[in-house]
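All remarks here apply to the structure that follows.
The numbers here are math on the coordinates, done by the rules we state, and not lab data. These numbers come from a predicted model, not from an experiment. Cβ placement follows ideal geometry from the backbone for every residue including glycine, while neighbour counts extend to all protein chains displayed.
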Amino acid sequence: MENPRGRVLTVDIDTPSAVVEVAAAFNCARCAAGKGCGAGLFGGGRQRRHIEAHITAGIDVREGDEVSIELAPRHLLNAALIVYGIPLGGALLGAVVAYSLGLGDLYAAIAGLAGIGAGIAIAHRRAARDQCQFTPTIVARLGHARY
């Protein structure tokens, strides 16, 4: 997938970060061919979204510049593991515990649902704690602001 592009709205030199306007639905070759992952199905069309992004050292960014942003692949994998892995692990653990205690199918299903709920709560806390890891980074300035 190609890195999303956006337009810088504001720059905070102290942090260093910027607010970038990007399209809510990102285009990639697989999406264009109709074979994408489905991430854009619920995006609501071609809406614009404002996100905060870190600025990579050595890149001079000004308001109005067109930039390329990315989320490091390592961080993207961590996000997927938190969002999907922890609730799934909770569901499996709940069902396994119920079966190992010989409680039957109904209680295993209930324990699995309780495990999903606990996994979602843990994932929510973990994602809030690691929020700075999941902030995108401006990796290139593609066009200069016109004044």
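List of remarks:
- Computed lengthening from LEU77 to ALA109, 0.36 nm per intervening residue step minus Cα-Cα distance: 8.7 nm
- Stretchable slack from ALA140 to ARG125, in nm (0.36 nm times residue separation minus alpha-carbon distance): 2.2 nm
- At R0 = 22 Å, FRET efficiency that the Cβ-Cβ distance of THR10 and ARG49 yields, to 0.05: 0.90
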